[in-house]
Amino acid sequence: MKRLRFQFSRGEKLKFLSHLDMMRLWPRLFRRAGIDLAYSEGFNAHPRLAVAAPLAVGWTGQAELMEVWLDSPLPADSILACLARKLPEDLTLGQGMFVNDEESSLQSQVRFAEYRVSLPLNRPSPEIEKSIIDLLGMSTLDWSHRRDDETKHYDLRSQIENISIENAGEETVSMVMLLKNDPSGSGRPEQVSLALGFKEHPLKIHRTRLVLA
């Protein structure tokens, strides 16, 4: 049994698929490609695969990380080539390699996630820059938001590593946010946007990379 780790990208046409939908899609794609996934042991056996960090509904991502366990003698490049021919539009593969089965899980290795966030321009760029500087200068920021029937309270500042303006047009501004994403919690770009004074939801959230330990 081999453990294959690879990158993939999810584009606009698939951004409304839930994490559960994506995890159901991958085994079907491997079957169509003729690649045998390994299964867990026990009465309720399931395919052995995992992503580094779930991608929220409505977000796109260009360097997502996934690993699967395979019952296949093929080299990594051949497996990914077979799989690539069966992918739907806006789902693409990047590089891949086999890793030692003793290595820690992907989920436990993720430390940060970088996002490109597009927002409606609601004030001049210098004012946005000042908001970023003020936020990054805080030691803590008590924050709460309601999700479903639960209100979550936490320190939003502790989830922010860095924020910068990428570009500002006449109607929109694009920012790069490097946010914490580890087993203790993960920063949400839409909450950081609110803290910066943007009342409207981001027009687009695109995860550009995951940073591993």
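Here are Arg123, Arg146: which of them is part of a loop (DSSP other than H, G, I, E, B) and in the same structural domain as Gly185 (by TED's automatic domain parsing)?
On the way: Arg146 fails: part of a loop (DSSP other than H, G, I, E, B).
Result of the check over Arg123, Arg146: Arg123.
Picking from Ser158, Ser139, Ser144, which residue would you name as being surrounded by fewer than 17 Cβ atoms within 10 Å (Cβ to Cβ) and either closer than 24 Å to Ser9 by Cα or touching a Gly at 6+ places or on another chain (Cβ under 9 Å) (or both)?
Values: Ser139 fails: either closer than 24 Å to Ser9 by Cα or touching a Gly at 6+ places or on another chain (Cβ under 9 Å) (or both); Ser144 fails: either closer than 24 Å to Ser9 by Cα or touching a Gly at 6+ places or on another chain (Cβ under 9 Å) (or both).
Selected residue: Ser158, the only one of Ser158, Ser139, Ser144 that is surrounded by fewer than 17 Cβ atoms within 10 Å (Cβ to Cβ) and either closer than 24 Å to Ser9 by Cα or touching a Gly at 6+ places or on another chain (Cβ under 9 Å) (or both).
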Requested in this report: Scan the range 142-158 and give yes if some residue there is modelled with pLDDT of 95 or more and among the β-branched types (Val, Ile, Thr), otherwise no.
Outcome: no
Report task. Could you tell me whether any residue of the range 101-110 is touching a residue at least 40 places away in the same chain (Cβ under 8 Å), exposed (fewer than 10 other Cβ atoms within 10 Å of the Cβ) and either in contact with a Lys or Arg (Cβ under 8 Å, 6 or more places away or on another chain) or among the aliphatic types (A, V, I, L, M) (or both)? Result -> yes
Report task. Examine the range 39-46 for a residue that is surrounded by 18 or more Cβ atoms within 10 Å (Cβ to Cβ) and either touching a strand residue (DSSP E or B) at 6+ places or on another chain (Cβ under 7 Å) or at negative phi (or both), and state whether such a residue exists. Result -> no
**Report entry** Count - residues of the range 143-192 that are over 19 Å from Ile128 (Cα atoms) and free of Cβ contacts under 8 Å to residues at least 24 places away in the same chain
**Finding:** 12
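The values are calculated or read from the model by the stated rules, or taken from the named source; none is laboratory data. From a predicted model like this one, the values you see are computed outputs, not experimental measurements. Positions of Cβ are generated from backbone atoms using ideal geometry, with glycine treated the same way; all protein chains shown enter the neighbour counts.
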